[in-house]
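Novice: Can you keep this structure in mind? I'll have questions shortly.
Every read-out reported here was derived from the displayed coordinates using simple, explicitly stated rules and does not represent laboratory data. Just so it is clear, the model here is predicted, and its values are computed rather than measured. Because the Cβ atoms are built from the backbone with ideal geometry, glycine has one as well, and the counts that use them run over all protein chains shown.
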Amino acid sequence: AYEYCGEPNATERLNAWKQGRTGFPLIDASMRAVIATGYLNFRMRAMLVSFLTHHLDVDWKLGVAYLGRQFLDYEPGIHYPQFQMQAGITGTNTIRLYNPIKQSKEKDPEGVFIRKWIPALEKLPNEYVHEPWRISPIEALSCNFELGEDYPYPIIEHEESARAARKKLWDFRQRKDVQSEAKRVLFKHSVLN
């Protein structure tokens, strides 16, 4: 029932995610960091998957191998189930839909991590490093920064995509076949069986 969850023609969004060019600084910094170092903490790994599958509406199968190849600590037995869980396709786990802007402000309030991996945002004041599209033209000029040139515009509208993802995921959860499969999986793998 959860076999397909993403938009089939999502090549542009998938490529932007792979390149760390989505227009969402914490997402892009995280991807650029893992490509360069082979490591990323669990929260950022989860956020990358959630953003790809929920906000960008890309089928999890299109990103799983790519992200796995970036990790020095890649272990398929951990990576695939974690990817599926974060994508919300297991039917048994809590759906995690991370807000990339909120996460950015909470996890990197001064923008240190973002600025390290996205030098184009280095001169932006803290109030804009998480949402560079909010900077006024005059402030951008004073920072020698041009959105769309130095750093991409966001490839999706965040709140709209989050709303669509929530609806899609919860609609799936309400389906009888999905509920039945979730019960079957839990029964098969529970200690009570």
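Novice: Going by average Cβ neighbours within 10 Å, how do the peptides 135-148, 50-63 rank, with the highest at the top?
Specialist: 50-63, 135-148
Novice: So if I place +1 on the C-beta of Lys and Arg and -1 on the C-beta of Asp and Glu, and nothing else carries charge, what would the dipole magnitude of the range 12-102 be about its Cα centre? I want it in debye, nearest 20.
Specialist: 160 debye
Novice: Something else now. So how much slack lies between residue 19 and residue 78, counting 0.36 nm per residue of separation and subtracting their Cα-Cα distance, in nm?
Specialist: That works out to 18.9 nm of additional length.
Novice: Name the residues whose placed amide hydrogens come within less than 5 Å of the amide hydrogen of residue 58, ignoring near sequence neighbours (fewer than 5 apart) on the same chain.
Specialist: Amide H to amide H, under 5 Å and 5 or more residues apart or across chains, residue 58 pairs with 7, 53.
Novice: Next question. For the pairs 102/123; 123/167; 61/107, flag any whose C-alpha to C-alpha distance is greater than 26 Å.
Specialist: Where the Cα-Cα span goes over 26 Å, the pairs concerned are 123/167; 61/107.
Novice: I'd like the Karplus ³J(HN,Hα) series for the range 41-58: coefficients 6.51, -1.76, 1.60, θ = phi - 60°, whole numbers in Hz, and an x wherever there's a Gly or Pro.
Specialist: Result, ordered by residue: 5, 4, 4, 6, 4, 4, 5, 4, 5, 4, 5, 4, 7, 9, 5, 8, 6, 9 Hz.
Novice: Right, something else. Please state the shape class of the range 23-114: rounded when a/c is under 1.5, otherwise prolate if a/b exceeds b/c and oblate if not, all from the C-alpha gyration tensor.
Specialist: Here the range 23-114 falls in the oblate category.
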